[in-house]
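**Student:** Supplied in structure tokens, the structure appears directly below.
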Amino acid sequence: HLLSFAREAGRPFPQDAGQQLAEAVAAVLGSWQGEKARAYRELHGLDHAMGTAVTVQRMVFGNAGGLSGAGVGFTRNPSTGEPHPWVDFLFNAQGEDVVSGRRSAQGHEALAEVSPALWDELVQAAATLERHFGDMQDFEFTIEDGVLYLLQTRSGKRTARAAARIALDLLDEQLIDAAMARERTAGLDAAALTLRRISS
């Protein structure tokens with residue numbers, strides 16, 4: 001492959017990783033003006049001026065031993081709406097290990113006990129996600145050798161009870177306005193919000 005690159009490009013394949021990345025990004029951005037790309041946009045009525053983008057990702061490994069692991073979580077409890085992160089975490093694992101159920105995940109207590117600083121960093125990251133998106137988030141993360149990496153986030157599914165509490169709490173925290181709180185609670189069934197207690 002290196003010889004064919006040299007033959008086609010008229011120069012040897014770059015050995016510096018930074019230069020390889022820069023050239024890969026330039027190639028993707030340059031492809032926007034390629035003949036096939038222009039023909040595709042013409043065929044589908046797409047604007048030539050909208051541009052394209054490049055996503056650069058890095059692999060991280062929760063199964064690297066030491067203080068490594070993977071987890072999934074919610075920025076608030078998805079059953080009750082309580083304003084504390086709810087997390088499943090496995091040491092020395094990748095994300096698939098957590099979500100597949102092959103191994104029993106631990107709650108946040110295990111992570112908080114082993115590394116209070118990492119748990120605090122995760123709590124702060126959860127708060128940042130909520131401030132940015134204005135909603136409770138369902139997120140995935142990896143810890144590799146004591147470094148936290150957030151992998152993805154999306155609005156989290158929740159019970160009716162949690163939806164009511166979260167909307168009202170986010171309104172109190174001024175992360176959403178009253179109109180948004182009404183919109184998020186409009187379809188809730190009163191019966192689903194009723195709590196029964198049996199006193200002895």
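The values are calculated or read from the model by the stated rules, or taken from the named source; none is laboratory data. No experiment lies behind these values; they were computed from the predicted model shown. Cβ placement follows ideal geometry from the backbone for every residue including glycine, while neighbour counts extend to all protein chains displayed. SASA here: full protein model, heavy atoms, side chains in, ligands and nucleic acids out. Shrake-Rupley method; radii C 1.70, N 1.55, O 1.52, S 1.80 Å.
**Student:** For residue 76, which of the numbered conditions (1) open to solvent by less than 40 Å² (accessible area, probe 1.4 Å); (2) assigned to a loop (DSSP other than H, G, I, E, B); (3) of a type in the set (Lys, Arg); (4) free of Cβ contacts under 8 Å to residues at least 24 places away in the same chain fails to hold?
**Tutor:** (4)
**Student:** Something else now. Mind checking which pairs have a first residue in the stretch 23-39 that is closer than 22 Å to residue 5 by Cα and a second that is open to solvent by 60 Å² or more (accessible area, probe 1.4 Å), Cβ under 6 Å, 6 or more apart or different chains?
**Tutor:** Filtered contacts from the stretch 23-39: 32/52.
**Student:** Which residues, taken from the stretch 141-166, are within 30 Å of residue 65 (Cα to Cα) and polar (S, T, N, Q)?
**Tutor:** Correct list: 142, 152, 153.
**Student:** Hey, any hits in the stretch 4-20 for a residue that's more than 21 Å from residue 142 (Cβ to Cβ), part of a helix (DSSP H, G or I), of a type in the set (A, V, I, L, M, F, W, C) and in contact with a Phe, Trp or Tyr (Cβ under 7 Å, 6 or more places away or on another chain)?
**Tutor:** The answer is yes, given that some residue of the stretch 4-20 is more than 21 Å from residue 142 (Cβ to Cβ), part of a helix (DSSP H, G or I), of a type in the set (A, V, I, L, M, F, W, C) and in contact with a Phe, Trp or Tyr (Cβ under 7 Å, 6 or more places away or on another chain).
**Student:** Mind checking which pairs have a first residue in the stretch 141-155 that is in contact (Cβ under 8 Å) with a residue 40 or more places away in the chain and more than 13 Å from residue 122 (Cβ to Cβ) and a second that is assigned to a strand (DSSP E or B) and aromatic (Phe, Trp, Tyr), Cβ under 7 Å, 6 or more apart or different chains?
**Tutor:** Qualifying pairs under 7 Å: none.
**Student:** OK, next. Run residue 122 past the list (1) within 25 Å of residue 182 (Cβ to Cβ); (2) surrounded by 17 or more Cβ atoms within 10 Å (Cβ to Cβ) and report the number of the one that doesn't hold.
**Tutor:** Here residue 122 meets the rest and fails (1).
**Student:** Please find, within the stretch 156-179, the residue that is most open to solvent (accessible area, probe 1.4 Å) out of those that are among the charged types (D, E, K, R) and touching a residue at least 60 places away in the same chain (Cβ under 8 Å). Outline the logic, then answer.
**Tutor:** Start the filter on the stretch 156-179 by keeping residues that are among the charged types (D, E, K, R), which leaves 157-158, 161, 165, 169, 172-173, 177.
Adding the requirement that they be touching a residue at least 60 places away in the same chain (Cβ under 8 Å) leaves 157-158, 161, 165, 169.
Working: 157: 175, 158: 70, 161: 100, 165: 95, 169: 30 Å².
By that ranking, first place goes to 157.
**Student:** Here's something else I'd like to know. I'd like the full set of residues that are within 30 Å of residue 93 (Cα to Cα) and either among the hydrophobic types (A, V, I, L, M, F, W, C) or outside any loop (DSSP other than H, G, I, E, B) (or both), limited to the stretch 49-64.
**Tutor:** Step one: list which residues in the stretch 49-64 are within 30 Å of residue 93 (Cα to Cα), which gives 54-64.
Within the stretch 49-64, 54, 56, 59, 60, 61, 64 meet the criteria.
**Student:** Looking at the stretch 110-140, which of its residues are within 13 Å of the chain's Cα centre (by Cα), more than 16 Å from residue 63 (Cβ to Cβ) and touching a residue at least 40 places away in the same chain (Cβ under 8 Å)?
**Tutor:** Listed by number, the residues that qualify are 122, 126, 129, 130, 136, 137, 138, 139.
**Student:** Output the residues belonging to the stretch 91-109 that are surrounded by fewer than 17 Cβ atoms within 10 Å (Cβ to Cβ), among the small types (Gly, Ala, Ser) and in contact (Cβ under 8 Å) with a residue 12 or more places away in the chain.
**Tutor:** The answer is 107, and nothing else.
**Student:** Follow-up question, since we're still on this one. Quick test for you: out of 67, 46, pick the one residue that is touching a Ser or Thr at 6+ places or on another chain (Cβ under 7 Å) and in a loop (DSSP other than H, G, I, E, B).
**Tutor:** Among 67, 46, only 67 is touching a Ser or Thr at 6+ places or on another chain (Cβ under 7 Å) and in a loop (DSSP other than H, G, I, E, B).
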